[in-house]
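Just below is one structure, and these are the notes that go with it.
The values are calculated or read from the model by the stated rules, or taken from the named source; none is laboratory data. All values derive from a computational prediction rather than experimental measurement. Reconstructed Cβ throughout: ideal geometry from the backbone, glycine too, with neighbour counts over all protein chains shown.
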Amino acid sequence: MFTKTQILAFALSLASAEAASKGFNYGAANPDGSVKVQADFQAEFQTAKNLEGASGFNSARLYTMIQGTGSTPISAIPAAIAEETTLLLGLWASGGNMDNEIAALKAAIEQYGEEFSKLVVGISVGSEDLYRNSEIGVQANAGIGVEPEELVSYIKRVRETIAGTSLSDAPIGHVDTWNSWTNSSNAAVVENVDWLGFDGYPFFQNTMDNSIEDAKALFQESVDKTKSVAGNKEVWITETGWPVSGDSQNLAVASVENAKKFWDEVGCPLFDNVNTWWYILQDASGSSTPNPSFGIVGNTLSTTPLFDLTCSASGSKSSSSASASAFASGSQSTGFTSTTKAASPSSSSGSGLGHGGSLGSSGSFSGGHYAGSSSVIASPSATPSGSAVPGSSSGSGSSSSGSGSSSGSGSGAAGSGSGTGTSADSTTTTSANPADFTGTGSRLSGSIFGAAVLVAALAVAL
Ligand SMILES: *[C@@H]1O[C@H](CO)[C@@H](O)[C@H](O)[C@H]1NC(C)=O
């Protein structure tokens with residue numbers, strides 16, 4: 001009846017249909033602020049794969065290609081090879097360090113070859129750069145971002161870099177807050193990517209009814225809006241999650257119970273159906289417990305999660321088909337208009353590496369921490385907005401350690417949520433633009449806060 005080839009083709013089609021990536025975001029810094037080395041990444045990847053109640057969390061999204069500083073490839077790569085963990089690579093695009101990011105990408109291809117490239121599910125050129133560059137991001141003091149044209153030029157450079165190498169088939173995308181995607185001024189970025197990375201946190205959508213009961217609908221709405229501008233391109237869920245502890249945001253309460261509900265209602269339908277990198281396995285602030293804290297295992301790396309990760313057959317099954325179809329439907333974008341209202345809230349998503357606080361309706365900004373990531377390298381500063389700007393800072397030095405706390409205040413009326421904070425650096429960077437260090441947050445972290453700030457700013461703006 002069927003030839004072997006047909007059967008094989010069928011089997012392969014099934015396999016690829018089930019090949020959605022599932023994993024977590026991984027910043028470049030440990031909870032104590034030190035730069036992760038291979039053993040740290042390996043311990044995390046191994047923990048993710050062996051989480052009680054869950055299976056198949058074997059994909060890792062990274063924020064930078066660089067280990068520490070310079071252009072040495074990040075040690076997450078040999079860790080991923082050792083743990084058979086797939087990779088959504090990231091190049092930190094803000095702050096002028098792209099030459100080093102690209103050099104590290106090239107070096108990784110040369111050094112690790114096929115055993116590396118076969119694990120790569122995609123490459124993200126940048127993370128929330130458009131958000132930080134936006135009016136609200138600037139008002140929120142979010143840190144250095146990039147203009148869409150510049151981002152497009154980086155995307156083209158990365159395409160040229162991988163052409164003819166073992167990574168030539170890796171789809172190239174960009175990760176940003178969803179309202180950055182729906183901002184028509186950024187259409188050139190949509191045109192130049194192969195896939196769109198969606199960051200969205202209903203928790204931070206504090207200008208709306210954002211209780212955990214509202215969370216699934218808010219999430220779906222923001223995904224639908226993103227899909228409405230994506231055309232035929234895939235929308236990958238690059239960051240979402242709900243904090244297990246920390247301050248509330250309007251109706252959103254951070255708790256283990258609510259984090260579980262978000263996992264069950266939002267996560268389970270996505271897992272294995274849509275490429276998804278949850279935020280986050282282990283949260284990090286550089287020193288203390290982040291506020292809010294999104295880590296599903298708490299402060300200590302362990303395969304015992306804070307809540308039951310089991311996706312129940314009923315819950316996840318039924319919702320899974322619903323959501324799969326929602327994702328499949330592509331863009332039915334009727335509702336995508338320019339109303340700012342719609343676009344905004346979710347954008348708050350955090351970001352990169354950590355997530356920070358957000359502005360409450362009262363206008364006060366509660367800072368968060370970040371950890372994580374990204375750029376350890378470069379980015380010293382995390383402004384309240386979370387972003388850290390790697391390159392700018394430096395060039396330098398090691399930003400490896402450094403911790404900061406942030407707090408800020410947003411002015412309600414004006415719409416600006418600017419925060420002030422302190423950041424202590426334990427290391428010296430050569431660089432130095434003092435300004436980069438102000439603001440808050442840990443340098444290591446990179447971006448993050450974006451969301452919160454954004455939200456706050458939006459709240460004000462709206
Ligand atoms: C829309 O995007 C452009 C280009 O990135 C940016 O300058 C502008 O501030 C954004 N608008 C809003 C409302 O964020």
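Rundown of residues vs (1) outside any helix (DSSP H, G or I); (2) over 16 Å from Asn133 (Cα atoms); (3) within 10 Å of the ligand (Cβ to nearest atom), yes/no style:
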| site | (1), (2), (3) |
| --- | --- |
| Ser166 | yes, yes, no |
| Gly173 | yes, yes, no |
| Asp176 | yes, no, yes |
| Ser180 | no, no, yes |
| Ala188 | no, no, yes |
| Glu191 | no, yes, no |
| Ile155 in a helix (DSSP H, G or I), under 27 Å from Ala20 (Cα atoms) and within 16 Å of the ligand (Cβ to nearest atom) | yes
| request: Could you identify the single residue in Ser285, Ser222 that is crowded, with 20+ Cβ neighbours inside 10 Å, modelled with pLDDT under 95, of a type in the set (Ser, Thr, Tyr) and within 16 Å of the chain's Cα centre (by Cα)? | output: Ser285
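Yes or no, residue by residue, for (1) β-branched (Val, Ile, Thr); (2) under 14 Å from Thr64 (Cβ atoms):
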{"site": "Gly95", "(1), (2)": "no, yes"}
{"site": "Glu110", "(1), (2)": "no, no"}
{"site": "Glu128", "(1), (2)": "no, yes"}
{"site": "Ser134", "(1), (2)": "no, no"}
{"site": "Val138", "(1), (2)": "yes, no"}
| said: I need the full set of residues from segment 100-138 which are of a type in the set (S, T, N, Q), more than 15 Å from Asn183 (Cβ to Cβ) and not in a strand (DSSP E or B), in order please. | reply: Asn100, Gln111, Ser117
| remark: Being crowded, with 23+ Cβ neighbours inside 10 Å, within 28 Å of Asn58 (Cβ to Cβ), out of contact with any Lys or Arg (no Cβ under 7 Å at 6 or more places or on another chain) and not hydrophobic (A, V, I, L, M, F, W, C) narrows Ser127, Ser168 down to just Ser127
| request: Give segment 199-242 a look and list any residue that's among the charged types (D, E, K, R) and outside any helix (DSSP H, G or I), or say none. | output: Asp199, Asp209, Lys233, Glu234, Glu239
| note | Subset of segment 35-76, residues out of contact with any Gly (no Cβ under 6 Å at 6 or more places or on another chain), over 26 Å from Asn273 (Cβ atoms) and not in a loop (DSSP other than H, G, I, E, B), comes to Gln38, Ala39, Asp40, Phe41, Gln42, Ala43, Ile66, Pro73
| said: Quick check on segment 111-120. Is at least one of its residues buried (at least 23 other Cβ atoms within 10 Å of the Cβ) and under 19 Å from the mean Cα position of the chain (by Cα)? | reply: no
| query | Among the residues of segment 132-144, how many are within 8 Å of the ligand (Cβ to nearest atom) and not charged (D, E, K, R)? | reply | 5
| field | Residue ID - nearest to Leu309 (Cα to Cα), chosen from residues in segment 267-297 that are free of Cβ contacts under 8 Å to residues at least 60 places away in the same chain and among the small types (Gly, Ala, Ser) | value | Gly267
| message | Given the criterion among the acidic types (Asp, Glu) and touching a strand residue (DSSP E or B) at 6+ places or on another chain (Cβ under 6 Å), identify the matching residue among Asp264, Asp283, Asp247, Asp224. | response | Asp283
| message | So for segment 62-81 (the condition being in contact with a Ser or Thr (Cβ under 6 Å, 6 or more places away or on another chain) and more than 22 Å from Asp129 (Cβ to Cβ)), does at least one residue qualify? | response | no
| said: Would you confirm whether or not segment 47-55 contains a residue that is modelled with pLDDT of 95 or more, crowded, with 23+ Cβ neighbours inside 10 Å and of a type outside the set (A, V, I, L, M, F, W, C)? | reply: no
| request: Report, by residue number, each residue of segment 134-147 that is surrounded by fewer than 22 Cβ atoms within 10 Å (Cβ to Cβ) and not hydrophobic (A, V, I, L, M, F, W, C). | output: Glu135, Glu147
| remark: Here the residues within segment 243-271 that are more than 20 Å from the chain's Cα centre (by Cα) and assigned to a loop (DSSP other than H, G, I, E, B) are Asp247, Ser248, Asn250, Leu251, Val253, Ser255
